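The values are calculated or read from the model by the stated rules, or taken from the named source; none is laboratory data. These figures come from a predicted structure and were not determined experimentally. Reconstructed Cβ throughout: ideal geometry from the backbone, glycine too, with neighbour counts over all protein chains shown. Only protein heavy atoms, including side chains, enter the accessible area calculation; ligands, DNA and RNA are left aside. Shrake-Rupley method; radii C 1.70, N 1.55, O 1.52, S 1.80 Å.
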Amino acid sequence: MLNALFAGLIDTFEPLRLAVIAFGSIVGIFIGALPGFGPVAGLTLALPFLYGKDPQLVLPFAVALGSASYAGASVSSIMLNIPGDAPAAATCIDGYPMTRKGQGGRAIGAALSASTTGGIAGVLMAIIVIPVVVKVVLTLHMSEIFFLVLLGISSLAMVAQGGKIKGLVSGVLGLLLAFVGFPRMGSIPRFTFGSEYLLANMPLIPVILGLFAGTELVKLAGSGEAISRPQAVTAPRQQMLQGAGEVFENFWLWFRSVIIGYIVGALPGIGATGATFIAYGQAKQMSKEPDKYGSGCIEGVIAPESANNASYGGALLTTLSFGIPGSAGMALILALFILVGIVPGPRMLIDYPELCFMMFWTASIAAVMSSVFCFIVVPYLMKITTLHPKYLLAALTPLVFLGAFAVDESMGSLVVVLVFTVFGVLMDEFDFSRSALVLGFILGTFFEKYFWLALRLDGPLFFLRPISLVIVAFIVVSLNFNLVKSAAKRLFLKKAGG
Amino acid sequence: MKKGHSVYFDVLMLFIMAATFVMALDLEYFDLKLLPLMVSGAGFILMAIGLVNTVRTRRKEAAKGGDERPGPPAGIYFRYLREGLWMVGFFAAIFLVGFSAAMLIFITAYLKANRVAWAVSIAAGIIGTAALFCVCYYLLEVQLYPGLILKQFGI
């Protein structure tokens, strides 16, 4: 394991890989700063170009893009009060008031510094925990892996915006899509409606492109106006340096937020959004002056930003060690594994240890690079948010269709993009979770494979194995969390009363 | 902004689950049908509960005198439809005249339709098509679809 750790580190510092990480970081910053489109849709657009390429280059690029998007998102949150993605919304609370007070540079400096150090700390914590996680993974049977897959799907569904039922239905729909075509362990196709195109299973890239990139483009262009209007906002470099230093003055706040970010990020389904708001909440609760939060205080920026990037290390650990992606972005990383020919799942850390460690090192290097780049390109970041969506749609629609076509050079892929764009818009409008659908779709083949393996190896009562029962209990409790909470409250009140 | 409780979309999802369940019943072998039956059956039950929830929420809102949260902006669905139709048009153009010509036509026509000057629209069309062409040949290494019309002429 130690060999793999250092081999991964040496691999990461190869010049070509560093160049790829730098490129991924720059793309990530701009995508992160572009509100409305988001890192998930951005990574989706990159998928066709990464398909079948060298995993040693493709995976660092994707990880760098994901990690750097946090930095870009925090800049637009602070300067324009427009969060580039959901986790950055917590930074708006105090970041934007600081900009209005003329302290935008200080807030950005603190955000970048907290984000970078938080990202590195999150990755280091993940690396420390890996030997324990590997031991746990090695004890898992097929039945437990099957229930882990189920946990992965339900975890994203239970935090879906439209509620658990809609989230679960979306996940179920994704599973059903995975059943189209030839099954993993069989030779008779299903649900193909006589189409030759569908014999080779529902294609992953066109489905994701339609659901994320196509849908976001239609919504963005449909909104009919630029994301933000040109504003005279500036971020003096001197102020940025001052803000960066203030993170170290608030060391304990940073430390608590990093721990929260890492733990919450590692929990499937909650992810960075939960981490940033929980970190912000604890900072306010533990502060001697809680009233100053919300009016533009530096602590209100440091707490969510430290937690935000620290959660990436935690989420990456859960994704790589158990094959459970905690967010749509991590689900895409999992999809990328499939596209470059690596089978994702609980054995990834054991079968590809060097690659996994390289991804962790990449996340921390990307955190540093993205902060340095952000420091340089802050003025240009502001400009891209004033771009009218019509230019985005004109440029990106052909790219979406080209990306889908490139997968198998079939016009069928373009039809799939169109169908899933329509379906994606409808799902979004009526609050069904597109992320849960994609996760169900990605994990669907493993769901079926591990179900039959568990049935054959552990017998029909495979769900009665102790660890399986624990995972099932965890799924049931988390799906009925409110019910459990109110029952526990009643019990507590009864005891207190009696 | 208020977001959707659509009975129609819920019914559509319920129909998809029911149809999948019926299709799975028709599959010949037990190994093939077991999981689709279980998953679509579970999906049907969940969606039925979801539909009941949607109807109950609507009734409650109606009893209170309507939902007070602001609805979606006026004409938003029409604008989504318009942007969606542009995509469908682009697909039709690819099918007929091939990728290269379709890209040029789409970028130019879309920008022009959105009140961009002719010169800028045409320049963006040419530059965009050339850039995407390079992406295709050098990054993706794919043979672009020539279109039905060129195929008819055997080109």
Exclusive hit being within 9 Å of another protein chain (Cβ to nearest Cβ), hydrophobic (A, V, I, L, M, F, W, C) and not in a helix (DSSP H, G or I), set B:Val116, B:Val135 = B:Val116
When B:Gly75 is evaluated against the numbered criteria (1) facing another protein chain (nearest Cβ under 7 Å); (2) on the phi > 0 side of the Ramachandran plot, which criterion, by number, is the only one it fails?
-> (1)
Taking segment A:450-459 on its own, how many of its residues are at pLDDT below 85 and on the phi < 0 side of the Ramachandran plot?
-> 1
Among the residues of segment A:203-226, is any at pLDDT 85 or above, open to solvent by 20 Å² or more (accessible area, probe 1.4 Å), more than 11 Å from chain B (Cβ to nearest Cβ) and outside any helix (DSSP H, G or I)?
-> no
Residue check, B:Met23 out of contact with any Gly (no Cβ under 9 Å at 6 or more places or on another chain) and facing chain A (nearest Cβ under 9 Å) | yes
Selection within segment A:1-15 - surrounded by fewer than 14 Cβ atoms within 10 Å (Cβ to Cβ) and part of a helix (DSSP H, G or I) = A:Leu2, A:Asn3, A:Phe6, A:Ile10, A:Pro15
Take B:Leu144 and decide whether it is within 11 Å of chain A (Cβ to nearest Cβ), touching a helix residue (DSSP H, G or I) at 6+ places or on another chain (Cβ under 6 Å) and modelled with pLDDT under 90.
-> yes
So which of B:Ile149, B:Ile122 is within 16 Å of A:Lys390 (Cβ to Cβ), surrounded by 13 or more Cβ atoms within 10 Å (Cβ to Cβ) and out of contact with any Phe, Trp or Tyr (no Cβ under 8 Å at 6 or more places or on another chain)?
-> B:Ile122
Within the group A:Ala232, A:Ala307, which residue is at pLDDT below 85 and out of contact with any strand residue (DSSP E or B) (no Cβ under 6 Å at 6 or more places or on another chain)?
-> A:Ala232
Does B:Ile16 satisfy the criteria of being on the phi < 0 side of the Ramachandran plot, modelled with pLDDT under 85, at the interface with chain A (Cβ under 8 Å from one of its Cβ atoms) and touching a helix residue (DSSP H, G or I) at 6+ places or on another chain (Cβ under 8 Å)?
-> no
Those residues of segment A:397-431 which are farther than 12 Å from A:Gly210 by Cα and among the aromatic types (Phe, Trp, Tyr) amount to A:Phe405, A:Phe430
Counted residues in segment A:114-141 being surrounded by fewer than 20 Cβ atoms within 10 Å (Cβ to Cβ) and touching an Asp or Glu at 6+ places or on another chain (Cβ under 7 Å) come to 1
Taking segment B:12-26 only, how many residues are farther than 19 Å from A:Phe441 by Cβ, out of contact with any Leu (no Cβ under 7 Å at 6 or more places or on another chain) and either crowded, with 18+ Cβ neighbours inside 10 Å or touching a residue at least 40 places away in the same chain (Cβ under 8 Å) (or both)?
-> 0
